[in-house]
C-alpha cells in the first residue's frame, strides 16, 4: 500500500472538507450522531451513540477517498466533577477515538457518552488492530469494559491493583492512603500474579513435535532499553509468539497534571520522552496557548524550532550508539556520546540545564538567548556533518550491520498505519508524512529542509533514516543562526508575562492579579485543545481539557512509543531472538514515553 500525500504537502484538510465529511456522516447515520462539539482541537468532534460506534468507525476506515487509516488515540475522561459542560450530551464517563487520515492529512474525534451504571462498549479491535492496548489502558485507568476484547486485563498497573487511577475519586497522593507494607505473604501474592500463563494469551505449551520454552526478556535486560518485559514463546531460537509487558515505568503523569497549575506541569512533560528535552514542552505549551488565545512572536517560534532540532540530534545520537551496541559493536556508543556531549554543551549554555531544561513557557521562553549563542550553535553545526558522514561509512556500511539488519522486522506502510506507527519508523516504509511539512507549526513553514524516506521498512532503513534526519536538523540549525528574528522572548499577554514593576506599584488591581497568577496560576477558559508535533520518536500530542480553572481537568498524553511496542508480536513471529534485539534497537523507544 502506498499513501500519497503530495497534494497535502503544506496544509491539512480545510474546514470545507471537514464540513462535507460531517454532512456525509449525518446523512448516513442520522440521529445516531448526537452532537457536534465546538473545540480548539482543529478537527470535527462528534458525539455518537454507543450502538453506532463500530459502524461509524468502519465507515471512516473504509471511505473511498482519503480514508482514516489510523486509530491515532483512544482514551477517556471522568466527567463527573466537570462543571462547564453546557450543551454537551449527559455523560459520567466519555470515551474518545481520534482518527488520522494520512492520505487526506486530516483528523476526526469521536466521543461516546457512558453512564456510571453501565460502563461498557463494544471492542473496535476488528476495525483497528491497535485498539487492543488502548482499550486495555482505558479499562485499567477508568474501568470501562470493552465487550469482545481478546484479553481485557491490566496494562500499566499491577494485576493486583485495586481501583482505576484516572477516576476522579481515586487517590492522587501516597498520603491519602494507609502506609504500604510488603509482607512475605503480599510479596508472594505479587510474584504469583506476575507469573505468565500462556493459556491466557491463546498460546500452547507444546506442539506435536516439541515443548516450547517461555523466556522472560526483561524487565531489566540491557537489550530491552529500560524496564520493559517481553515474554517469548520459543522453539529453539525461533520466536513462535511473544507478549510485550509494559507498566514498570508508569508514574501517573496524566494524573499529576490534574493537581498542577498550567505552568507548574511544564517540568513534568520533560520526563515523558526523557531524552527529548524541550521537544516534550512544545506540544503542551502550544495546546495551552490555544486555550488562552496567545500568539507568540516569530523569534519565539524560531528559538523553539532551534532547540527542538538540537534535541532531535542528541536523541538520535543516543539511538545510533545504543542501536549499534545492540548489534554487537561496542565502540560506536562512545563516539556518539562524545558528539551528544557537544550538543548538550550548547543546550546547557542556552538553557542552564542539559537533559531536562523545561525551558519553554506558556507564551514564550524562560529567557532570551544569551550573548554568543550563535557562535556556540555555529560551532556545533560546523562539527556535525563530517561526523555523520563517518558514522554512515563506519556503521551503516559495515557488513556486520547490514547482515544483521537488512530485511529484518520489515513492514510496509499499510501495516505501520494499522498499528499506529508514526515518525521515522513510518517514513522508513516510504510514507512521506512529517508534521513539520504536512502541518507546519511554530514556523517550520519558513525552513528549507527535506524529509528523508526509506524503501524497505526494515531495521536497516530505520537506522539509516535517522542519520539523514540529523543532517536535515543541522540544516535547520544553520538557518536559525542565519535568520534569527528580532523581538521579545515572551508574548505580551497577561496569562504569561508578569506586568512591569512600576505598573504593579501604581495599580492595586494589577498587583492582585499578578499575586494570584504567581501563587495559584492562570485561569484558562473552559474549552478543549490539542496539539500534535513531530517529536524525536514519532508524533506526540497533548489533548487538554480546561474546566475554567487554574489546573487541567484532563491531560491526555499520546506518545509514539506506546503503539510501536504493541506492533512487536506481529513482526517477530517466525523470527529469531537476535532479530528481536535488532528490532528493539531500531525502534528507538524509552519506557517513560510508553508508560508515562
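The values are calculated or read from the model by the stated rules, or taken from the named source; none is laboratory data. In this text, all values refer to a predicted model and were calculated from it rather than measured experimentally. Every residue, glycine as well, gets a Cβ built from its backbone with ideal geometry; the counts of neighbours run over all protein chains shown.
Side notes on the structure shown:
- Residue in the range 64-79 that is surrounded by fewer than 20 Cβ atoms within 10 Å (Cβ to Cβ), closer than 20 Å to residue 543 by Cβ and in contact with a strand residue (DSSP E or B) (Cβ under 8 Å, 6 or more places away or on another chain) present: no
- Positions within the range 447-462 being in contact with a helix residue (DSSP H, G or I) (Cβ under 6 Å, 6 or more places away or on another chain) and not in a loop (DSSP other than H, G, I, E, B), in sequence order: 459, 460, 462
- Sole residue being within 20 Å of the chain's Cα centre (by Cα) and closer than 14 Å to residue 444 by Cα, chosen from 304, 299, 312: 304
- Only listed residue being assigned to a strand (DSSP E or B) and either at pLDDT 95 or above or closer than 24 Å to residue 433 by Cβ (or both), chosen from 57, 20, 74: 74
- Qualifying residue in the range 334-345 (condition: in a helix (DSSP H, G or I), touching a strand residue (DSSP E or B) at 6+ places or on another chain (Cβ under 6 Å) and more than 26 Å from residue 579 (Cβ to Cβ)): no
Conditions tested, residue by residue: (1) farther than 30 Å from residue 375 by Cα; (2) touching a strand residue (DSSP E or B) at 6+ places or on another chain (Cβ under 6 Å).
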position: 477; (1), (2): no, no
position: 480; (1), (2): no, no
position: 485; (1), (2): no, no
position: 495; (1), (2): yes, no
position: 511; (1), (2): yes, no
position: 526; (1), (2): yes, yes
position: 539; (1), (2): yes, yes
position: 545; (1), (2): yes, yes
position: 549; (1), (2): yes, no
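- Candidates 381, 394 - the one that is in contact (Cβ under 8 Å) with a residue 40 or more places away in the chain and within 18 Å of residue 586 (Cα to Cα): 394
- All positions within the range 211-241 that are part of a loop (DSSP other than H, G, I, E, B) and farther than 24 Å from residue 165 by Cα: 212, 218, 220, 221, 225, 236, 237
- Odd one out for residue 330 among (1) touching a helix residue (DSSP H, G or I) at 6+ places or on another chain (Cβ under 8 Å); (2) part of a loop (DSSP other than H, G, I, E, B): (1)
- Residue within the range 405-421 that is modelled with pLDDT of 90 or more, in contact with a helix residue (DSSP H, G or I) (Cβ under 6 Å, 6 or more places away or on another chain), closer than 15 Å to residue 588 by Cβ and part of a helix (DSSP H, G or I) present: yes
- Qualifying position, being under 27 Å from the mean Cα position of the chain (by Cα), without any contact (Cβ under 8 Å) to a residue 60 or more places away in the chain and surrounded by fewer than 21 Cβ atoms within 10 Å (Cβ to Cβ), among 516, 511, 453: 453
- Among the residues of this structure, residue 101 does not count as one that is buried (at least 21 other Cβ atoms within 10 Å of the Cβ) and at pLDDT 95 or above.
- Matching residues in the range 319-348 - criterion: being under 18 Å from residue 302 (Cβ atoms) and either surrounded by fewer than 18 Cβ atoms within 10 Å (Cβ to Cβ) or in contact (Cβ under 8 Å) with a residue 60 or more places away in the chain (or both): 347
- Filtered residues of the range 264-284 (kept if part of a helix (DSSP H, G or I), touching a helix residue (DSSP H, G or I) at 6+ places or on another chain (Cβ under 7 Å) and buried (at least 24 other Cβ atoms within 10 Å of the Cβ)): 269, 277, 278, 279, 281, 282, 284
- Residues satisfying the stated conditions in the range 242-254, i.e. more than 12 Å from residue 215 (Cβ to Cβ), part of a strand (DSSP E or B) and either touching a residue at least 60 places away in the same chain (Cβ under 8 Å) or within 15 Å of the chain's Cα centre (by Cα) (or both): 244
- Qualifying residue in the range 559-567 (condition: more than 23 Å from residue 78 (Cα to Cα) and more than 14 Å from the chain's Cα centre (by Cα)): yes
- Unique match (being modelled with pLDDT of 90 or more, within 17 Å of the chain's Cα centre (by Cα) and in the same structural domain as residue 495 (by TED's automatic domain parsing)) among 551, 591, 532: 532
- Residue match in the range 209-219 (condition: within 26 Å of residue 341 (Cβ to Cβ) and outside the structural domain of residue 356 (by TED's automatic domain parsing)): no
- Hey, residue 85 more than 20 Å from the chain's Cα centre (by Cα), outside any strand (DSSP E or B) and surrounded by fewer than 20 Cβ atoms within 10 Å (Cβ to Cβ) or not: yes
- Residues that are outside the structural domain of residue 292 (by TED's automatic domain parsing), under 14 Å from residue 580 (Cβ atoms), out of contact with any strand residue (DSSP E or B) (no Cβ under 9 Å at 6 or more places or on another chain) and surrounded by 18 or more Cβ atoms within 10 Å (Cβ to Cβ) occur in the range 225-244; there is at least one.
- Residue, farthest from residue 415 (Cα to Cα), within the range 123-143, restricted to residues that are in contact with a strand residue (DSSP E or B) (Cβ under 6 Å, 6 or more places away or on another chain) and not in a helix (DSSP H, G or I): 123
- Per the conditions (1) assigned to a helix (DSSP H, G or I); (2) at pLDDT 90 or above, the sole criterion not satisfied by residue 402 is (2).
- Residue check, residue 158 assigned to a loop (DSSP other than H, G, I, E, B), assigned by TED's automatic domain parsing to the domain that holds residue 58 and over 22 Å from the mean Cα position of the chain (by Cα): no
- Any hit, the range 373-391, residues being out of contact with any strand residue (DSSP E or B) (no Cβ under 6 Å at 6 or more places or on another chain), at pLDDT below 90 and under 30 Å from residue 568 (Cα atoms): yes
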